[in-house]
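One structure is given below, encoded as structure tokens.
The values are calculated or read from the model by the stated rules, or taken from the named source; none is laboratory data. Note that the structure is predicted; figures quoted are calculated from it, not measured. Cβ: placed from backbone, ideal geometry, glycine included. Neighbour counts: every protein chain shown.
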């Protein structure tokens, strides 16, 4: 029921090995003589994957690739004069004459350029977009993701494209600092937003996707992340870390930035971000080997389940029954009397929801035998029977079952029914990163009102 096709078998499985010298920088960027040729745009990935075919064991590649028409519409004119057109003087800054070529100039100006590096991730059944974003150290209690930026200075020695290319390679090297990757990157063009309050200039680069052997573990000291379109446009944050409002506005005002199409011109679904929480060692296992199906007694049957960030913290930081727990060898993995894990963890995932059934509080109660029996012994389940379908009848017509956050009262206490997505096809999801949660400073007992969770 989801649009598109699987390009999983078409991805590059080997890294193109190369050096870091300036002489090899040109080899890392692919330039077409005719950038406006739509056929070249469609076949570009195909041609790149054919490179060094005898040297690298590339799998068969279908030439009917996914397309990103926004890239084809970008301006390729990087003339310095035009670049500075329509930029308010308040955004042009004088700089010291520290460039050998600039010391003969009467005035030297510079402009801030945002570097937008994207990739079409093909590790899932349906491809999706990711944008490379960076964040600085925490300031004023907040971490904000933004596009990398450079301040371009008019120079005879290096044009703006050259300066931007060198910066892109520097950022990608930082992203993969443990193992240097000679990435294939292409300059796609320039975008200057048309809305009146914008003075920015955006340089777009495409990094061609290479599937990693396993999802990366990211911590708060990792400053370079691949961020999802849904995180930028819908949630305005990556977990608890905020997205720069200027980036969110760019996407909302220019929705074509978010769209990719299959070879037939059909718009592909944009996946949502979701999470799965548990004790950290189990999360590491699941990151490598994949999610397990939920138990038969689950709300929507024995299928795969994920949730939002805050709901995942209940399971990432505390045992399900909020009781102390120890392994068979006697090792305690919790501290205190309320089942708080010593190490909590979450999976950060994408999910193509496809055709989704939404369960509402005022819906019909679940009459399955499993739910009816559980309701007799658990008042919380009885309270939320309309938010259950234990027999999984939803799978007959839908790809995904969803219920939002609901509160109720049982015996004078507030009970919470968390956000959940249940999905029947695991190929509609993929883990993109996993994380260790800092449990040292969170409450000893789970508190639904507590929101100040942080990464280690």
Just checking, how many residues over the stretch 287-302 are farther than 17 Å from residue 417 by Cα and crowded, with 20+ Cβ neighbours inside 10 Å? 1
Is it the case that some residue within the stretch 312-329 is closer than 25 Å to residue 124 by Cα, touching a strand residue (DSSP E or B) at 6+ places or on another chain (Cβ under 7 Å) and part of a loop (DSSP other than H, G, I, E, B)? no
Those strands (runs of 3 or more DSSP E) completely within the stretch 176-290 that have 2 or more residues that are touching a residue at least 12 places away in the same chain (Cβ under 8 Å) and within 30 Å of residue 339 (Cβ to Cβ) are 272-279
Return a yes/no flag: does the stretch 411-419 have any residue that is modelled with pLDDT under 95 and within 30 Å of residue 223 (Cβ to Cβ). yes
Assuming residue 276 fulfils every condition listed in (1) closer than 30 Å to residue 334 by Cα; (2) modelled with pLDDT of 90 or more; (3) more than 15 Å from the chain's Cα centre (by Cα) apart from one, which condition is it? (3)
Just to be sure before I move on: is residue 346 in contact with a helix residue (DSSP H, G or I) (Cβ under 6 Å, 6 or more places away or on another chain), closer than 19 Å to residue 294 by Cα, without any contact (Cβ under 8 Å) to a residue 12 or more places away in the chain and not in a loop (DSSP other than H, G, I, E, B) in the structure I sent? no
